[in-house]
1. What FRET efficiency, computed as 1/(1 + (r/R0)^6) with R0 = 35 Å and r the Cβ-Cβ distance, is obtained for residue 82 and residue 11, rounded to the nearest 0.05?
2. Compute the angle between helix 60-89 and the longest alpha-carbon principal axis of the chain, please, reported from 0 to 90 degrees and rounded to the nearest 10.
3. On C-alpha positions alone, give me the angle between the axis of helix 31-53 and the longest principal axis of the chain, in degrees, nearest 10.
4. How would 58, 92 line up from fewest to most surrounding beta-carbon atoms within 10 angstrom?
5. Normalising by the residue count of the chain, find the relative contact order in percent from Cα pairs under 8 Å and 6+ residues apart.
6. At residue 44 and residue 21, where each label point lies 7 Å from the Cα along Cα→Cβ, what is the point-to-point distance in nanometres?
7. With angles folded into 0 to 90 degrees, how steeply does helix 5-24 sit against the dominant principal axis of the chain? Use alpha carbons for both and round to 10.
């Protein structure tokens, strides 16, 4: 079924629209906690991209797209951890000034 490029492209476009609609409806107050949850999804994306980029029967297009997916998902994971760390720092007790 996914061998047909038109079906694969249709699924991609629909997923983009659904993702945009879901994210745009999230209030700004919830964006930071949801970033932590998206790290797990990006981790799964990294694993999938590594499989695609290193597949035995890879094509140049698959290798390039896999590499791009690895880079973008890694940026997302690192950014998510930095934002989460910064958010958690707000809840740490402050040291008194000496």
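All of the numbers you see were taken from the coordinates with simple rules; none came from a lab. Quantities reported herein were computed from a predicted structural model and do not represent experimental measurements. Quick reminder, even Gly has a Cβ in these numbers, built from the backbone with ideal geometry, and neighbours come from all protein chains shown.
1. 0.65
2. It is inclined by approximately 10 degrees.
3. 30 degrees
4. 92, 58
5. Details: 50 pairs, mean separation 27.9, N = 98.
Computed value for the chain: 28 percent relative contact order.
6. About 2.1 nm separates the two model spin labels.
7. 20 degrees
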